[in-house]
Amino acid sequence: MILGALEAGGTKMVCAIGDETGKIFEQVSVPTQTPEVTMPTMIEFFKKKKLDALGIACFGPVELDRKSPVYGHITTTPKLAWRDFDIVGSFQKALGCPIGFDTDVNGSVLGEVTFGQAKGKKCVLYLTIGTGVGAGIYIEGKLLHGMLHPEAGHVLVTKKSDDSYAGKCPYHKNCLEGLAAGPAIEERWGEKAVNLAGRQEVWDLEADYIAQALVGYILTLSPEMIILGGGVMHQEQLFPLIRQKVTDLLNGYVQTEEVADMEHYIVPASLQDAQGIMGCLELARREKEGV
């Protein structure tokens, strides 16, 4: 199969051509500007390829309910130029091929369970921590949608008593995204995360908030693996801190082989940052084959 893949991000659109094995033959990156500027460039790229299907993993929120009249739209995004834009319909009209569609983080978890370290697992959580915080959740062969799609970056966490920072999220001052995403780190400490690598207090606090959220996910979803991606998680010193704090917070309540081996339970992404685009290939394959 000749499959198209679009990892649609708030900063850049990554377009690729590949196949059902996850092999990528060609890839380009297009800056995310307005639909009027960005869409024609992407359509032209894909149009030449005679695709069997296209998979799109998109920033959101997006409408994933196929029964909805606005299925395939980007909805209440803060990127105003893209608000209420029919991204699936626009590609459908231009390319005339099947189009698989999901959130960017669901695309990433799908890449990991199809081609990466989570292959064969029944329940996997992929959490990206960067400009925002988002979760992709894979359960029993399917990506979790529900009434919308997971907005697990906005789970509420308990602020540390010595943390005077008000929180970045305009909706919830003490949600994970508001306290632990990249913009919150920069605003709290006065520098970007990449420049704070040597300050232990930064990462102790960051790990505390992430661990609180992970314990909630563990107790509700019971994932067999938790994958942490995104720009903030490039600070690899976070992983041992998070693992220890999760162990401490669980306090022996969950006793499984996975939790007993934290080093292989809470892990970084495994596909060299290609998990999203590879997940798009799988979205395309599933749509083509009606899976």
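Values for this structure:
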item	result
Among Glu206, Glu151, Glu177: highest mean-square fluctuation, GNM of the chain, C-alpha pairs under 10 Å	Glu151
Cα shape, segment 182-291, gyration tensor, a/c 1.5 rule	oblate
Cross-link table Lys159/Lys245; Lys119/Lys288; Lys12/Lys48; Lys12/Lys93; Lys47/Lys67; Lys122/Lys288, entries beyond 19 Å C-alpha to C-alpha	Lys119/Lys288; Lys12/Lys48; Lys12/Lys93; Lys47/Lys67; Lys122/Lys288
Percent of beta bridges antiparallel (DSSP, segment 4-74, rounded to nearest 5)	70
Sites matching trypsin sites (Lys or Arg not before Pro) across segment 103-192 that sit in DSSP coil, with at most 15 neighbouring C-beta atoms within 10 Å	Lys119, Lys121, Lys122, Lys160, Lys173, Lys192
Chymotrypsin sites (Phe, Trp or Tyr not before Pro) within segment 190-291: DSSP coil, no more than 10 neighbouring Cβ in 10 Å	Tyr253
Over segment 57-147, relative contact order from alpha-carbon pairs under 8 Å, at least 6 apart, %	21
Rounded tilt (10° steps) of 275-289 against the dominant C-alpha axis of the chain	50
Helix-only mean residue ellipticity at 222 nm for the chain, each DSSP H run of n ≥ 4 adding -39500 (n - 2.57), per residue, nearest 500	-10500 deg cm²/dmol
Å² of accessible area per residue within segment 1-104, as computed with a 1.4 Å probe and no ligands counted	47
Antiparallel DSSP beta bridges within the chain, percent to nearest 5	60
Apportionment of accessible area to carbon and sulfur, segment 171-291, percent (1.4 Å)	48
Solvent-accessible area, 1.4 Å probe, carbon plus sulfur percent, for segment 39-112	52
Accessible area per residue in Å² at 1.4 Å probe, computed on segment 162-260	49
Contact order relative to length of the chain, as percent, for alpha carbon pairs under 8 angstrom and 6 or more apart	22
Fluctuation leader among Pro223, Pro150, Pro31 - the chain, Gaussian network, Cα springs under 10 angstrom	Pro31
Three-way shape label, segment 86-139, alpha-carbon gyration tensor, a/c 1.5	oblate
Cα gyration tensor shape of segment 232-291, rounded if a/c is under 1.5, else prolate or oblate by comparing a/b with b/c	oblate
Between 0 and 90°, nearest 10: helix 35-47 axis offset from the chain longest Cα axis	60
Charge tally in the Cβ shell below 13 Å around Leu176, where Lys, Arg are +1 and Asp, Glu are -1, Leu176 excluded	-1
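The values are calculated or read from the model by the stated rules, or taken from the named source; none is laboratory data. Given the structure is predicted, the values throughout are model-derived calculations rather than measurements. Note that each Cβ is placed from the backbone with ideal geometry, even for glycine, and that neighbours are counted across all protein chains shown. All accessible areas refer to the heavy atoms of the entire protein, side chains included, with ligands and DNA or RNA removed. Shrake-Rupley method; radii C 1.70, N 1.55, O 1.52, S 1.80 Å.
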